[in-house]
Amino acid sequence: MSAKATDLARVQEMFNLVTLTRQQIEELGITEQRFKQPESTNDELLAEALMNRVFRITEEAGALSDEVLVYYDFERRALKGVRNRLAHAYGDVNVDLIWEVIETDFPRLLKGCQAFCDDQGFELELPEDIGAPGRETSE
């Protein structure tokens, strides 16, 4: 069950998770190759973390109201399919599918989040971690 109580809170959480994940992928130089075929313990851990992020995003999206899912073109069946695969596959996750979600579906999710908030008269806020002064990564 989603930790967020409203569609707006869920949309903001999805926006935060997608935005932060995309920034971190860039900062850490995570490539498709590193994700799909980890060559180090760090890469394995990063791949697991990305799968967890995708799971969290699909969990929030799956809890949106039917009206929001339909009107803003969030694909319920696809979201639930990815979420269920991550939740129940127990190590047998198709990494090609997850990378495709990150590359292709994340931008579409952001577009839907923005459209929802525009229509509701709300402004999406960037996660606090993005662009924070003094924020450093360890590579």
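Just so it is clear, none of the values below were taken in a lab; they were calculated from the coordinates. Values in this document were obtained by computation on a predicted structure and should not be read as measured data. For neighbour counting, all protein chains shown are included, and Cβ atoms are generated from backbone atoms with ideal geometry for every residue, glycine included.
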Local net charge near Glu100, Cβ-Cβ under 12 Å (Lys/Arg +1, Asp/Glu -1): -2
On Cα atoms only, tilt of 76-88 relative to the major axis of the chain in degrees: 40 degrees
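I want to verify the translational diffusion coefficient of the stretch 51-128 in µm²/s; compute it with Stokes-Einstein, Rh as the Kirkwood radius over Cα pairs, at 4 °C and 1.567 mPa s. Intermediate results must be reported in sequence, preceding the final value.
On the way: Rh = 13.3 Å.
My calculation gives 98 µm²/s for D.
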Local electrostatic count, Leu69, Cβ distance below 9 Å [Lys/Arg +1, Asp/Glu -1]: -3
Segments 19-26, 34-41 sorted - mean Cβ within 10 Å per residue, highest first: 19-26, 34-41
